[in-house]
Each structure stands twice: as C-alpha cells, then as structure tokens.
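The values are calculated or read from the model by the stated rules, or taken from the named source; none is laboratory data. Note that the structure is a prediction, hence the values are computed from the model and not measured. Virtual Cβ from ideal backbone geometry, glycine too; neighbours counted across all protein chains shown.
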C-alpha cells in the first residue's frame, strides 16, 4: 500500500520535532529491560510515551493484573503478573503458565495426559497468546524487550486524520522477530489509530493496514475494540487475579 498522503519531513523539521517530543518524554514510563534505547529515535520514544499517557498512563497499566478478551473465535484470560493463562477455543481448553510453558490441556472435556500429544498443544497455545495478546494491547508494548522504535514522519491515516508514524522492529523476541510494524499515533488524541504489518523488514508493501478504533475506558485504562475487519469482544480489565474464572471447568 502506497502512502499517498505522506508529508515529507525535512532534516530541520525532523530535528525540531525530535527535540520537542524528547522534552515531553515521560520519566514514569521506563522501557522494559532489553529495549533498544540506543537504536531508537528520541522522537519515536516520546510518541510511545504520549500514547501510554493517552491510554491512561503507566501506573494505571501496571495496576492491571488480569485481562480477558475474545478475538479470532478464541477466548483468553491472562494474568499479566503471574503468567497464568487460559485459552478456550471450540472444544479445546488450555490452562497454563506462559512464562514457564507448563500446563494442562483438555479436548471436549477430556484431559490430554500424554505428553507427546499435550506438549505441542501447549507450545501452540503460547504462540496463540503471543499473537492474540498483541492484537489486544500492542500500544502498551511499544517499549518492550527487543524493540527498536524509529520516527517515520507525518502521515495521514486511511480515514484522513493527521498522525505521526512509529516504525517498530524487533530483535530476538517473540515467534516472528523479522516482522515490522508502522504504528500511527493520532496528532490530536495521542492514541494509536492505525497499524501496518510487514512480515519482514525488507517488504516494500504491508500485508495489511488496519485501524484501531472504539477506544473504551475500562478500569483506568483504554482499550481499542475495533480493528477494521476484526473486532475484539468480551474485554475485561481487572486489578484482581480472577481466580474463579481461571478455575472454572
């Protein structure tokens, strides 16, 4: 997809923008260990900080313990603090810890106890969690381990709104570190309003470009429900461990 509405930013303008945004960088949104601070642009990092603030702020996000959501016909429950994770997908039920990879699997209500059958399902469930949680909370993960952020200039999103672009790449993290994303931060609201996905950093055109819409306030933070052709539903945001929901059959 060609970005016909790109506003070319000159060297001087980019420098001025970088200085201005760098001055606005929030000290209360520290990066995760292993974030590529040295390779990231100050302007891009400041945009990530602005997005975090627009979503409710780092303190509010850190207070969120458990998230629930449904996407791609899969229902998830994830304790961010402990790594406990539940996946319900058709007849499959997985209860595991995504930090350790250990867990249990049921099919049609019958537990799978054979490790040769169970362990690949646990590995697949971990990959599903990585993907589906990213579709839910990507804007909160802009300063994650292994991430490099670069400023991509001023652009208009597909609906014509002015935005600043962050180009996000990865090193040695997740299942697909060769991916690249272009993340559009709305100039007016500071929220992420669009993303473009490139399977590899060398791809000339994105595989898709989708909006992030219907930002909804939930327990102190904001979550976007709309992804264009895809909708996130059943979202819950809790400061508790939601023990009963994890333990439900």
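Is it the case, given these coordinates, that residue 14 is modelled with pLDDT under 95, touching a helix residue (DSSP H, G or I) at 6+ places or on another chain (Cβ under 8 Å) and surrounded by 18 or more Cβ atoms within 10 Å (Cβ to Cβ)? Spelling it out, it is not the case that residue 14 is modelled with pLDDT under 95, touching a helix residue (DSSP H, G or I) at 6+ places or on another chain (Cβ under 8 Å) and surrounded by 18 or more Cβ atoms within 10 Å (Cβ to Cβ).
Here's the yes/no breakdown for (1) at pLDDT 95 or above; (2) under 20 Å from the mean Cα position of the chain (by Cα); (3) surrounded by fewer than 18 Cβ atoms within 10 Å (Cβ to Cβ):
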{"site": "80", "(1), (2), (3)": "yes, yes, yes"}
{"site": "100", "(1), (2), (3)": "yes, no, yes"}
{"site": "116", "(1), (2), (3)": "yes, no, yes"}
{"site": "122", "(1), (2), (3)": "yes, no, no"}
{"site": "125", "(1), (2), (3)": "yes, yes, no"}
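Before we move on, is residue 64 in contact with a helix residue (DSSP H, G or I) (Cβ under 6 Å, 6 or more places away or on another chain) and at pLDDT 95 or above? No. Looking across the stretch 149-188, just one residue is surrounded by fewer than 18 Cβ atoms within 10 Å (Cβ to Cβ), in contact with a helix residue (DSSP H, G or I) (Cβ under 9 Å, 6 or more places away or on another chain) and within 20 Å of residue 38 (Cβ to Cβ), and that is 150.
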